[in-house]
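Worksheet: the structure to be examined is printed underneath.
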Amino acid sequence: GSEDAFNAWTKGGTNDGAEDWFWSDDPTIATFGAQPAFGATTAANGFAVFNSDTNGNAAHDVTITSPAIDCSSQSSVFIRVENQYF
């Protein structure tokens, strides 16, 4: 499934706190307090989450990188990314 594919992504950057990227398929995930539900068009399929609030006051600049995707057999390739930041 999508969560298994996410596990192959590389988590990087710097983080002095305990939080890490995780996978969720719940757009109303409650760990963000007053933040609205994630309104991405494919949110129900799952998405990557990094909860800075849970990380506390620790300095962080985090990234996630997907494995290489072979699109060589395709004549056109499009990517759409949706994010929510509060």
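The values are calculated or read from the model by the stated rules, or taken from the named source; none is laboratory data. Bear in mind the structure is a predicted one, so any value in this text is a computation, not a measurement. Every residue, glycine as well, gets a Cβ built from its backbone with ideal geometry; the counts of neighbours run over all protein chains shown. To get the accessible areas, we keep the full protein, side chains included, count just its heavy atoms, and leave off ligands, DNA and RNA. Shrake-Rupley method; radii C 1.70, N 1.55, O 1.52, S 1.80 Å.
Here are the numbers:
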| item | result |
| --- | --- |
| The chain, accessible area per residue, ligands and nucleic acids excluded (1.4 Å, Å²) | 74 Å² |
| Among Ala44, Gly17, Val77 - extreme Cα towards positive end, dipole of the chain, charges at beta-carbon | Val77 |
| Tail weight of P(r) past 16 Å, computed on alpha-carbon pairs of the chain, percent | 62 percent |
| Rounded percent of accessible protein surface that carbon and sulfur make up, the chain, 1.4 Å probe | 50 percent |
| Estimated distance in nm for a label pair at Ala58 and Ala5, the labels positioned 7 Å out from Cα along Cα-to-Cβ | 2.9 nm |
| Simple Cβ-charge dipole of the chain, Lys/Arg +1 and Asp/Glu -1, about Cα centre, in debye nearest 20 | 220 debye |
| Pairwise label distance in nanometres, Ile29 with Ser73, each label 7 Å out on the Cα-Cβ vector | 3.3 nm |
| Local net charge near Ala43, Cβ-Cβ under 11 Å (Lys/Arg +1, Asp/Glu -1) | -3 |
| Ser66/Asp16 FRET efficiency (R0 25 Å; Cβ-Cβ; nearest 0.05) | 0.50 |
